[in-house]
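**Student:** Below you will find the structure I want to go over with you.
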Amino acid sequence: MNTSVNSFDPKALRADFPILDTRVHGDKLLVYLDNAATTQRPRQVVQRISDFYTQQYSNVHRGIHALSEQSTDLYEQAREAVARFIHARHPHEVVFTSGTTAAINLVAHSWGQGHIQSGDEILLTLLEHHSNIVPWQQLAERTGAVIRFVPVEQDGQLQLSQLSSLLNERTRIVSLTAASNVLGSHVPVKDIVAQAHSAGALVLLDAAQSAPHQVTDVQASGVDFLAFSGHKMLGPSGIGVLYGREELLEEMPPFLGGGSMIRSVTTDGFEPGELPEKFEAGTPPIAPAIGLTTAIEYLEDIGIEAIQDHERQLVVEAHQRLSSLEGVRILGPPIEHKGPIVNFLLDGIHPHDAAQALDQQGVAVRAGHHCAMPLHQHLGVTATLRASFYLYNTQEEVKILADAIVDTQRVFRRDG
Amino acid sequence: MRTTTIEELLEDFEFLDSWEDRYRYIIELGDELEDLDAELRVEENRVQGCVSNVWLIASFDASSPPQISFRADSDSQLVRGLVSILIMLCNDQPAPTVLALDVEDLFTRLELRNHLSRSRSNGLFSMVKRIRVLAAEGIAQADH
């Protein structure tokens, strides 16, 4: 369990994350286990943003002066870094957005407008985050399209056997998460892409929970669109990515109108610009994009595989510790089928009460429906507790979590 | 269900140093609430804006202005305790007194706001808002 192929020292690395030394509620050392919601930033990312604003900042693309040219170069280097990170063919297949939500909305609007008609089908899964449900529901409201859901097993794995019967000649797109933000469940992306493509449907992959933790290769997986957020992978908030295959993005109309996205504008109309500017109206999130470059470099230096290996060890430890406790029920698939998320319930204690009690002990977890109400309805619960790990978490923190659960149970025990 | 004053509550809380003791005390206060029957735990009685489920109903007597009595339930033990505090303070009070209650100040003085997450505080204030709406409805009905 303690051997890893390409290991790194999470304790040494924590020096890069001063926020992890924070004490909360007086003297309780913070144990940050809410990484599926957002991760912390290493000082390298913070420093890069600070340096950029203090020494290099200007608007991009339009200015004919030294600072603007430099900002433009750095912004386009960020696009190149993302393209490298996800193995895209071209940097112009990378569109910067404010986050995963905005990226999915962009596709639902722009691609949906030209390709979805009444009676067409959009296939989602019950694992989806609301950000990969509501934009499609809005599109269905506008067009009369039908939304179907791939069901999940009780342990949170997709019922892949249902896929072939759900895919049909009316299915236009399959939009699904690579990993559940609630249970961590992994999805066999390549298999689904193959089935969707042979049915004539495109695939959008919500990689918000996978890009930070495992290798993302849009060419190997064959996805048509892919979306993820910078803030879940050590980067700044306010920056996200939409990847789209060149030929798809080329023929899609712009989503937001404004500056930068045009070739020309007259009083009679406008002509859209080239990729990727066509989809980046207005001043983009310049500093967040440059911060994202640094975050990607940080992750690449350590190696995504090494990170995944470390996280796997944390999840194994968490499962061992939590499953040995009375009154703890772990939800979700077996460890080998999920990412660095441990979702659980404490018998007789409301998840919100438990999260508050854990917080009193310094342990930050999340309680609620995690923006995935349909999945919770399927699981038959209104709320769950979620501990989610990242590269800087340690085995000691897993022990603190387990001890804090025991203390929480002691406080809420009804027999006094 | 007993009624209590702010002063009595403040006195009780003064002796509770640790989060464990405060939480245990809040949970005990919640135990004083009678469970609501399932037919009352319905959407129209549910307080909107709370992260957990809270159901709150009010009844009024014939006096003028009417006195209110509240009943409530929640699937969260902590929220049951908090709503129990609110009800202790409001029950058998004239509706205008309930309307005038400064709950924010009270929970600050009880140092409960430090122990409540922001979303939970918002939930608490959703409960207070609901109590005020119900009290105002009681006054309006009595005026007719």
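**Student:** May I ask you to list the residues in the range A:149-172 that are in contact with a Leu (Cβ under 8 Å, 6 or more places away or on another chain) and basic (K, R)?
**Tutor:** If the condition is that a residue be in contact with a Leu (Cβ under 8 Å, 6 or more places away or on another chain) and basic (K, R), then A:R172 is the only one that fits.
**Student:** Does B:A38 fit the bill of being of a type in the set (A, V, I, L, M) and modelled with pLDDT of 90 or more? Reasoning before the result, please.
**Tutor:** Values: of a type in the set (A, V, I, L, M): yes; modelled with pLDDT of 90 or more: yes.
In short, yes.
**Student:** Okay, moving on. Being of a type in the set (S, T, N, Q) and buried (at least 18 other Cβ atoms within 10 Å of the Cβ) is the filter here; which residues of the range A:161-183 pass it?
**Tutor:** Those that are of a type in the set (S, T, N, Q) and buried (at least 18 other Cβ atoms within 10 Å of the Cβ): A:T171, A:S175, A:T177, A:S180, A:N181.
**Student:** Identify, from the list A:S180, A:S198, the residue that is of a type outside the set (K, R) and in contact with a Gly (Cβ under 7 Å, 6 or more places away or on another chain).
**Tutor:** Going through A:S180, A:S198 in turn, just one is of a type outside the set (K, R) and in contact with a Gly (Cβ under 7 Å, 6 or more places away or on another chain): A:S180.
**Student:** Right, A:R89: touching a Pro at 6+ places or on another chain (Cβ under 8 Å) and either charged (D, E, K, R) or more than 25 Å from A:L226 (Cα to Cα) (or both) or not?
**Tutor:** No: the conditions fail for A:R89.
**Student:** Same structure, new question: Tell me, which residue of the range B:31-47 that is closer than 30 Å to B:F15 by Cα and touching a strand residue (DSSP E or B) at 6+ places or on another chain (Cβ under 8 Å) is farthest from the other protein chains (Cβ to nearest Cβ)?
**Tutor:** Within the range B:31-47, the match that is farthest from the other protein chains (Cβ to nearest Cβ) is B:E34.
Let's see how each residue does on (1) surrounded by fewer than 18 Cβ atoms within 10 Å (Cβ to Cβ); (2) at pLDDT 95 or above; (3) within 20 Å of A:L126 (Cα to Cα):
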{"position": "A:Q356", "(1), (2), (3)": "no, no, no"}
{"position": "A:V365", "(1), (2), (3)": "no, yes, no"}
{"position": "A:G368", "(1), (2), (3)": "no, no, yes"}
{"position": "A:M373", "(1), (2), (3)": "yes, no, yes"}
{"position": "A:L379", "(1), (2), (3)": "no, no, yes"}
{"position": "A:A387", "(1), (2), (3)": "no, yes, no"}
{"position": "A:Y392", "(1), (2), (3)": "no, yes, no"}
{"position": "A:V398", "(1), (2), (3)": "no, yes, no"}
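**Student:** Let me ask another. Free of Cβ contacts under 8 Å to residues at least 24 places away in the same chain and more than 9 Å from chain B (Cβ to nearest Cβ): which single residue out of A:G362, A:G380, A:G368 fits that description?
**Tutor:** Only one candidate passes the filter, namely A:G380.
**Student:** Does the range A:225-270 hold any residues that are of a type in the set (V, I, T) and touching a residue at least 40 places away in the same chain (Cβ under 8 Å), and which are they?
**Tutor:** A:I239, A:V241
**Student:** Go through the range A:341-354 and give me each residue that's away from chain B (no Cβ under 11 Å) and modelled with pLDDT under 95.
**Tutor:** If the condition is that a residue be away from chain B (no Cβ under 11 Å) and modelled with pLDDT under 95, then no residue fits.
**Student:** Collect the residues in the range A:140-176 that are of a type in the set (D, E) and either in contact with a helix residue (DSSP H, G or I) (Cβ under 8 Å, 6 or more places away or on another chain) or in a loop (DSSP other than H, G, I, E, B) (or both), keeping them in residue-number order. Please lay out each step first, then the result.
**Tutor:** Here is the first cut: in the range A:140-176, the residues of a type in the set (D, E) are A:141, A:153, A:155, A:169.
A:E153, A:D155, A:E169, listed by residue number.
**Student:** Right, another one. Please enumerate the residues belonging to the range B:1-30 that are in a helix (DSSP H, G or I), within 11 Å of chain A (Cβ to nearest Cβ) and not β-branched (V, I, T). Give the derivation first.
**Tutor:** Just the residues of the range B:1-30 that are in a helix (DSSP H, G or I), to begin with: B:6-14, B:19-30.
Still in the running and within 11 Å of chain A (Cβ to nearest Cβ): B:19-28, B:30.
Correct list: B:W19, B:E20, B:D21, B:R22, B:Y23, B:R24, B:Y25, B:E28, B:G30.
**Student:** Of all residues in the range A:4-45, how many are among the hydroxyl-bearing types (S, T, Y) and either without any contact (Cβ under 8 Å) to a residue 24 or more places away in the chain or within 20 Å of A:H231 (Cα to Cα) (or both)?
**Tutor:** So the answer is 4.
The values are calculated or read from the model by the stated rules, or taken from the named source; none is laboratory data. Note that the structure is predicted; figures quoted are calculated from it, not measured. With ideal geometry, Cβ positions are generated from the backbone for all residues, glycine too; neighbour counts draw on all protein chains shown.
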